[in-house]
Amino acid sequence: MKGVGSHTLLHRTLNSRQFGLKLLANVTYGYCAASFSGRMPCAELADAIVQAGRESLERAIRTVESKPKEWGARVVYGDTDSLFVELPGRSRHEAFRIGKEIAAFVTAQNPAPMELELEKVYHPSLMISKKRYVGYAYESAACDKPKMDPKGIEMVRRDGCKLLSRVQEECVHLLFETKDLSRVKRYLQSVMTSITTSSLNTSEFVFAKEVRAGSYRSATLPPA
């Protein structure tokens, strides 16, 4: 795929093929791990897959942090098959250079065809919790205009209301562009005023998620 134009039929075909292989691998793991409801349970194989991935991730983390003088890198988050590496005091261009060095070094330690690839640089970013983060993503050192890349937060979730998504996105934009929390606060205050004065469209408050009253363990309903 790397040597083929991204808008060609061959690129789309290869991309579909790799997704098919990924789906087959995931389904096979799921079948093995489903000990109660699965038709082909094999806990040993499922555990081996998880352990192999975990060992590779931990080895990569140790490698990244083993060269404080050369890279000065610190792993702030690692999950399944990805690493988030902080490079304090480095420019975006330096981050790309160091990131490529780290990827090549870790790849050389792994058996083929395992590969660690530098996917993007976030500048700036917010790490909220596991699988929940957002940042301005740069996909190459030559990229001047980043794109907002939110994962797992209300901005991209489909079980909330439009108002929540819109307000969160604007808050993140304000924070990233101005680094001024007081401006974020003023914006939120203006939104709260609009809510209390009923000056917003009712459609902004509609939730897409079903709430089944009486079916929750706690007497308190979920926030939605």
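Where a number appears in this text, it was derived from the coordinates with a stated rule and is not lab data. Note that the structure is a prediction, hence the values are computed from the model and not measured. Cβ: placed from backbone, ideal geometry, glycine included. Neighbour counts: every protein chain shown.
Quick notes on this one:
- Length available on full extension from ARG212 to GLU86: 0.36 nm per residue minus the Cα-Cα distance, which gives 41.1 nm.
- Once the chain from SER129 to ALA52 is taken as fully extended at 0.36 nm per residue, the excess over their C-alpha distance is 25.3 nm.
- Neighbour cut-off at most 13 other Cβ (10 Å), DSSP loop, trypsin sites (Lys or Arg not before Pro), region 80-131: LYS130, LYS131
- For region 46-103, the direction-averaged projected area of the alpha-carbon convex hull comes to 3.9 nm².
- Using a Förster distance of 41 Å, the FRET efficiency for THR196-LEU21 (Cβ separation, nearest 0.05): 0.20
- Per-residue [θ]222 nm for the chain (sum of -39500 (n - 2.57) over DSSP H runs n ≥ 4, rounded to 500): -15000 deg cm²/dmol
- If R0 is taken as 25 Å, the Cβ-Cβ distance between HIS7 and CYS143 corresponds to a FRET efficiency of 0.85.
- Among PHE36, PHE84, PHE105: highest mean-square fluctuation, GNM of the chain, C-alpha pairs under 10 Å: PHE36
- Members of LYS151/LYS185; LYS2/LYS179; LYS67/LYS130; LYS69/LYS131; LYS100/LYS209 lying beyond 32 Å, as alpha-carbon distances in this model show: LYS2/LYS179; LYS100/LYS209
- Springs join every pair of Cα atoms under 10 Å in this Gaussian network model of the chain, and among PRO41, PRO88, PRO124 the largest mean-square fluctuation is at PRO41.
- Loop-resident sites, region 1-75, for GluC sites (Glu not before Pro), counting at most 15 other Cβ within 10 Å (DSSP): GLU65, GLU70
- Rounded FRET efficiency, nearest 0.05, which uses the C-beta distance separating GLU115 from GLU44 and R0 of 25 Å: 0.40
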